[in-house]
Amino acid sequence: AVVSTQSTGKGIIAKICKGLCDCADPPDIVTYVLPLLTHLANDADVFVQTSTVLAFAIMLQRCSGSVGSVREQLDRFISESVSTDVHVMMCELIESFTVVLPLCSPDVQRDFLIPRLATIGVSNSGIANKTKRRDITERLINAYKAILCSYITPDTIEHYIIPGLQALSADAADVIPEKQQTVELMLREVMTKIAMSKDTRSGNAFGSKVSGFLRRNK
């Protein structure tokens, strides 16, 4: 492919790639679109890099065979956004993850998207600029609403969602207090799910012990 030397042209190419990721066959996406997107993702212009994020996120959903390289690229974006405070990139990452999360397989949700959103949430408290923190907090609230509409395991809740929501609640209290109650409601919802899961496991364990005792004493 011939790549434009102008940032605007490269951004348009990235949007075309996003459209192809939506409709092309997964093998064709991996063969033809992924190399071009990877090239654009390494451009010196942050605008061009940012324009590739949604296409990479869609690949998580549609191209299970290439998720390794896609995850590596998205991890690089996250790391650079956190370390160098690239606000536009971070906002695009959260919005893109929110779009694709309900459509991704449970393993992609569990092993990549939810842990990365938790990482972003915890790092948000370190941003000194309150306007930027507010932008990210608002987007993370929408992301966690999407998460809670998906199937989530108790382990994922304990290890990632609860810490992420706790960090989000603290940020909301500081920069967007009118939304803190929403976060607290989500936190109570997942805490209730954990309590119910533990009760169910305890009940199953007790039932197994009783059944074993009855079989041994027939």
| query | Taking R0 as 25 Å, what's the FRET efficiency between T38 and E138 from their Cβ-Cβ distance, rounded to 0.05? | reply | 0.25
| note | Which of K145/K198; K132/K179; K145/K193; K18/K193 exceed 26 Å between C-alpha atoms? The answer is K18/K193
| field | Check: the chain dipole with +1 on Lys, Arg Cβ and -1 on Asp, Glu Cβ, in debye | value | 1040 debye
| query | Counting only heavy atoms of protein chains, what accessible area per residue, in Å², does the chain have with a probe of 1.4 Å? | reply | 51 Å²
| said: How far apart, in nanometres, would the label points at R76 and Q181 be if each is projected 7 angstrom from Cα along the Cα-to-Cβ direction? | reply: 4.5 nm
| said: Could you give the length gained by full extension between A173 and D85, i.e. 0.36 nm per residue of separation minus their alpha carbon distance, to one decimal place? | reply: 29.5 nm
| Peptides ranked, highest mean first, by Cβ atoms within 10 Å: ranges 169-176, 94-101 | 94-101, 169-176
| request: Please give the FRET efficiency for M191 paired with D111, using the beta carbon to beta carbon distance and R0 = 35 Å, rounded to the nearest 0.05. | output: 0.95
| task | Report the calculated FRET efficiency for Q6 and K198 (r = Cβ-Cβ distance, R0 = 41 Å), to the nearest 0.05. | result | 0.10
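The values are calculated or read from the model by the stated rules, or taken from the named source; none is laboratory data. None of these values were measured; they are calculated from a predicted model. Neighbour counts run over all protein chains shown; Cβ positions are idealised from the backbone, glycine included. The accessibility values were calculated without ligands, DNA or RNA, using every heavy atom of the protein model including side chains. Shrake-Rupley method; radii C 1.70, N 1.55, O 1.52, S 1.80 Å.
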